[in-house]
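Peer 1: Starting off with a structure, shown below.
The values are calculated or read from the model by the stated rules, or taken from the named source; none is laboratory data. Please read these numbers as outputs of a predicted model, since none were measured by experiment. Cβ: placed from backbone, ideal geometry, glycine included. Neighbour counts: every protein chain shown. Ligands, DNA and RNA are excluded from the accessible area calculation, which covers all protein heavy atoms including side chains. Shrake-Rupley method; radii C 1.70, N 1.55, O 1.52, S 1.80 Å.
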Amino acid sequence: MTTAPSFPDSVAGLLEQARSAGGGLESLEAPPATRAELAHESSAIAATLCLRGVSSGDRVAIVSPNDATMVTAFFGIVSCASCAPLNPAYGRAEFDFYLDDLKPRLLVVYDALDTPAREAARVRGIECIELGRAPGLASGMVTLDGERPSTGAAAGQRLDEIALLLHTSGTTARPKLVPLTHRNLIHSARHIAATLSLGPEDRSLTVMPLFHIHGLVAGILAPLGAGGTVIVPPGFLAPSFATWLARFRPTWYTAVPTMHQAILERLSSADARAMRMQAPLRFVRSSSAAMTPQTIRDIEATLGVPVIESYGMTEASHQMSSNPLPPGERKPGSVGMAAGPEVGIMSASGVLLPPDEIGEVVIRGPNVTSGYLENPAANANAFTNGWFRTGDQGCIGADGYLTLTGRLKELINRAGEKVAPLEVDAVLAEHPAVAQALTFGMPHALLGEDVAAAVVAKPGAYVTEGELRGFVAERLAFFKVPRQIRIVAKLPVGATGKLQRRGMAERLGMVAEIPVISGDTTAARNAVEEIVAAVWSEILRVAVPGVHENFFALGGDSMLATRTVAQLGALLHVEMPLLAFFDAPTVAGVARTLEPLLAGDGANA
């Protein structure tokens, strides 16, 4: 790994330090802009905002699609205030919430964007500035309220002042506001540039949204800070991707797994061969969500370059760990080694764990936020002995490679057995007919939760739920096998392209219900049912159950189920799958499963 160029002590200084250097900004709509032009334009934007009364400590929100003007506007805003980018796809209620929470001094809105943000700002007395492209000028040159920005001096921001304000996802609770300082962002950009050996010759195709930490830091700050060129297309459009590669000839791009998957689905073998000849890609990067080993293999086979999987989050100013570039070892299924902050594994009690033990991933370092704004309760939960608790579960091997097993809040608790959705995702993705898989928990009357999954089939492929369940059952323990699998046309993704695991059971109307028959007294009707009922009575320490009584309603759990199956197997000299027990946990159901096994073996019940 080469050392990245020295970085300045402010985000805007990334441009100022190298006005005469190569690199710059490119887009579809206008000629390229040099680094000197970007630095001058950002300074002019900052000066104009200062004339509007913006000063250090103020917050300026911005609502803009992916566009070169967003890049210079961001640099201009962070030169004099804290920048809060908002998703342009938000509705009125969302803008009401975020503007109330942020209390910005100004709102900057892209002039061609039809958005309720303007009205939400107006009713709150927040001044609104229209951001536009300056016609006939280079990429990133702007107008503010229809005029070119003023020239002059801006107040400037200090190293430990807040440069960026982003909200965490609010899927299960009120979104938390994450403040990131110039120090945080500069260190993160330096880490990414060093990990990827970025330099002036590199050209980054930035397809991640610029209201997200991934797009801003990995897509903009790291390559510009390393002296390279940033290419900003209008968001991510999978059908246009091959054209962009041929036109702009990037050396790399970074995206979430769903974007990579969309690219694969659009590329024929001929397209892929043409791309390898036309585009000087040296690697592609994936972050912000887990990528299955199968997808990594598919991308590398299609594009002919290594996939560098990394691990990041907003509170860390993006990157925390990464697989190395060749000739370093890339480990599919791992998010690599610490690549910036310190990374550890911590127990629930706050003790750092040794290698290969599973616990919560924790981080600390200069790119990690010092805490959520005005949220002492969240900060008390998030920090332990100076370490930030990420909410992710995983382990670090003796070789230093980190493997994630899932979000702690997304682990499926199936009658006490913890199931990591990522593990099941990876197995489903190995099936030749599966393009994408998403595993999640669904409500269960007795187990609390059961395992379910949604699968997108590859174009032209056909697969059944039973086939997929059997495929997983051959590779994972019985309690990890999805009880239900839905074949769907597409999986839900959020604004940044990340798959939305939470709420999937509700979206699909899935609930696993096992009827509970209380007080059933139906006596055993044959020898097999008599044996099953006797074993249940012994293991559960209950009176001989009726044949329709539910094992779990009588106090059984997964461990007792395992013991029951083992004892029946020893008595009857058969091997009953544990999965079959959970599918029919009554005396009658288990007996029906055992009868063909007994007949096949010629055993005498």
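Peer 1: How about segment 134-162: which of its residues are in contact with a Gly (Cβ under 9 Å, 6 or more places away or on another chain) and touching a residue at least 40 places away in the same chain (Cβ under 8 Å)?
Peer 2: Result: ALA138, SER139, GLY140, VAL142, LEU144, PRO149, ALA154, GLU161, ILE162.
Peer 1: Here is a further query. Write out, first by first residue and then by second, each pair whose Cβ atoms fall under 9 Å of each other, whose residues are 6+ apart or on separate chains, and whose first residue, in segment 483-495, is over 16 Å from THR439 (Cβ atoms) while the second is surrounded by fewer than 16 Cβ atoms within 10 Å (Cβ to Cβ).
Peer 2: Taking only residues 6 or more apart or on different chains, the pairs are GLY494/SER169; GLY494/THR171; GLY494/GLN500; ALA495/ALA89.
Peer 1: If you don't mind, another one. Just to verify a result, which residue in segment 418-463, among those that are over 30 Å from GLY555 (Cβ atoms) and among the charged types (D, E, K, R), is surrounded by the most Cβ atoms within 10 Å (Cβ to Cβ)? Before you say what the answer is, go through the steps one by one.
Peer 2: From segment 418-463, those over 30 Å from GLY555 (Cβ atoms) are 422, 425-438, 454-463; that's our starting set.
Cutting the leftovers down to among the charged types (D, E, K, R) gives us 425, 430, 458.
Values: ASP425: 23, GLU430: 15, LYS458: 15.
Result: ASP425.
Peer 1: In segment 338-353, how many residues are among the β-branched types (Val, Ile, Thr) and either touching a residue at least 40 places away in the same chain (Cβ under 8 Å) or buried (at least 18 other Cβ atoms within 10 Å of the Cβ) (or both)?
Peer 2: Counting residues in segment 338-353 that are among the β-branched types (Val, Ile, Thr) and either touching a residue at least 40 places away in the same chain (Cβ under 8 Å) or buried (at least 18 other Cβ atoms within 10 Å of the Cβ) (or both) gives 2.
Peer 1: Please work out if ARG118 is open to solvent by 70 Å² or more (accessible area, probe 1.4 Å) and over 23 Å from HIS214 (Cα atoms). Working first, answer last.
Peer 2: On the way: open to solvent by 70 Å² or more (accessible area, probe 1.4 Å): no; over 23 Å from HIS214 (Cα atoms): yes.
No; evaluated as a whole, the condition is false for this residue.
Peer 1: Give the residues of segment 242-262 that are more than 22 Å from the chain's Cα centre (by Cα) and either surrounded by 22 or more Cβ atoms within 10 Å (Cβ to Cβ) or part of a loop (DSSP other than H, G, I, E, B) (or both), sorted by residue number.
Peer 2: LEU245, ARG249, PRO250, THR251
Peer 1: If we scan segment 297-311, do we find a residue that is on the phi > 0 side of the Ramachandran plot and either of a type outside the set (Phe, Trp, Tyr) or more than 16 Å from the chain's Cα centre (by Cα) (or both)?
Peer 2: Yes; the residues of segment 297-311 include at least one that is on the phi > 0 side of the Ramachandran plot and either of a type outside the set (Phe, Trp, Tyr) or more than 16 Å from the chain's Cα centre (by Cα) (or both).
Peer 1: Looking at PRO209, PRO149 in this structure, which one is modelled with pLDDT under 95, in contact with an Asp or Glu (Cβ under 8 Å, 6 or more places away or on another chain) and either within 30 Å of PRO135 (Cα to Cα) or surrounded by 20 or more Cβ atoms within 10 Å (Cβ to Cβ) (or both)?
Peer 2: PRO149
Peer 1: Please report, ordered by residue number, the helices (runs of 4 or more DSSP H) entirely within segment 4-98 with at least 1 residues that are out of contact with any Lys or Arg (no Cβ under 8 Å at 6 or more places or on another chain) and either surrounded by fewer than 23 Cβ atoms within 10 Å (Cβ to Cβ) or on the phi > 0 side of the Ramachandran plot (or both).
Peer 2: By residue number, 13-16, 35-51.
Peer 1: Mind counting the residues in segment 44-63 that are out of contact with any Leu (no Cβ under 6 Å at 6 or more places or on another chain) and within 15 Å of ALA134 (Cβ to Cβ)?
Peer 2: 2
Listed here are the residues, each with its yes/no results for (1) within 26 Å of ARG183 (Cβ to Cβ); (2) modelled with pLDDT of 95 or more.
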| site | (1), (2) |
| --- | --- |
| LEU303 | no, no |
| ALA316 | yes, yes |
| PRO324 | yes, yes |
| GLY344 | yes, yes |
| ALA377 | yes, no |
| ARG389 | yes, yes |
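Peer 1: Got a sec? Which of PRO234, PRO200, PRO239 is in a helix (DSSP H, G or I), over 21 Å from the mean Cα position of the chain (by Cα) and modelled with pLDDT under 95? Reasoning before the result, please.
Peer 2: Details: PRO234 fails: in a helix (DSSP H, G or I); PRO200 fails: in a helix (DSSP H, G or I).
The unique qualifying residue is PRO239.
Peer 1: What are the residues in segment 456-487 that are of a type in the set (Gly, Ala, Ser) and more than 25 Å from ALA262 (Cβ to Cβ), if any?
Peer 2: Step one: list which residues in segment 456-487 are of a type in the set (Gly, Ala, Ser), which gives 457, 460-461, 466, 470, 473, 477.
Within segment 456-487, GLY466, GLY470, ALA473, ALA477 qualify.
Peer 1: Yes or no: segment 162-177 includes at least one residue that is surrounded by 24 or more Cβ atoms within 10 Å (Cβ to Cβ), farther than 25 Å from SER43 by Cα and either touching a His at 6+ places or on another chain (Cβ under 7 Å) or hydrophobic (A, V, I, L, M, F, W, C) (or both).
Peer 2: For segment 162-177, residues surrounded by 24 or more Cβ atoms within 10 Å (Cβ to Cβ), farther than 25 Å from SER43 by Cα and either touching a His at 6+ places or on another chain (Cβ under 7 Å) or hydrophobic (A, V, I, L, M, F, W, C) (or both): absent.
Peer 1: Among the residues of segment 186-217, which ones are of a type in the set (A, V, I, L, M, F, W, C) and within 14 Å of PHE74 (Cβ to Cβ)?
Peer 2: Selection gives ALA189, MET208, LEU210, PHE211, ILE213, LEU216, VAL217.
Peer 1: Scanning segment 10-23 for residues that are farther than 21 Å from HIS182 by Cα and not polar (S, T, N, Q), which turns out modelled with the highest pLDDT?
Peer 2: GLY23
Peer 1: Which one is most open to solvent (accessible area, probe 1.4 Å) among residues in segment 265-296 that are over 17 Å from LEU422 (Cα atoms) and at pLDDT 85 or above?
Peer 2: Of everything passing the filter in segment 265-296, ARG282 is most open to solvent (accessible area, probe 1.4 Å).
Peer 1: Picking from ALA238, ALA226, which residue would you name as being closer than 24 Å to ILE296 by Cβ and aliphatic (A, V, I, L, M)? Lay out the reasoning, then the answer.
Peer 2: Details: ALA226 fails: closer than 24 Å to ILE296 by Cβ.
Of ALA238, ALA226, the one residue that is closer than 24 Å to ILE296 by Cβ and aliphatic (A, V, I, L, M) is ALA238.
Peer 1: Another question, then. Which one is modelled with the lowest pLDDT, of the residues in segment 538-594 that are under 41 Å from the mean Cα position of the chain (by Cα) and acidic (Asp, Glu)?
Peer 2: Within segment 538-594, the match that is modelled with the lowest pLDDT is ASP557.
Peer 1: Please verify whether ASP356 is more than 18 Å from the chain's Cα centre (by Cα), of a type in the set (D, E, K, R), loosely packed, with under 15 Cβ neighbours inside 10 Å and on the phi > 0 side of the Ramachandran plot, treating the condition exactly as stated. Lay out the reasoning, then the answer.
Peer 2: On the way: more than 18 Å from the chain's Cα centre (by Cα): yes; of a type in the set (D, E, K, R): yes; loosely packed, with under 15 Cβ neighbours inside 10 Å: yes; on the phi > 0 side of the Ramachandran plot: yes.
Considered against the rule, which asks whether it is more than 18 Å from the chain's Cα centre (by Cα), of a type in the set (D, E, K, R), loosely packed, with under 15 Cβ neighbours inside 10 Å and on the phi > 0 side of the Ramachandran plot, ASP356 comes out as yes.
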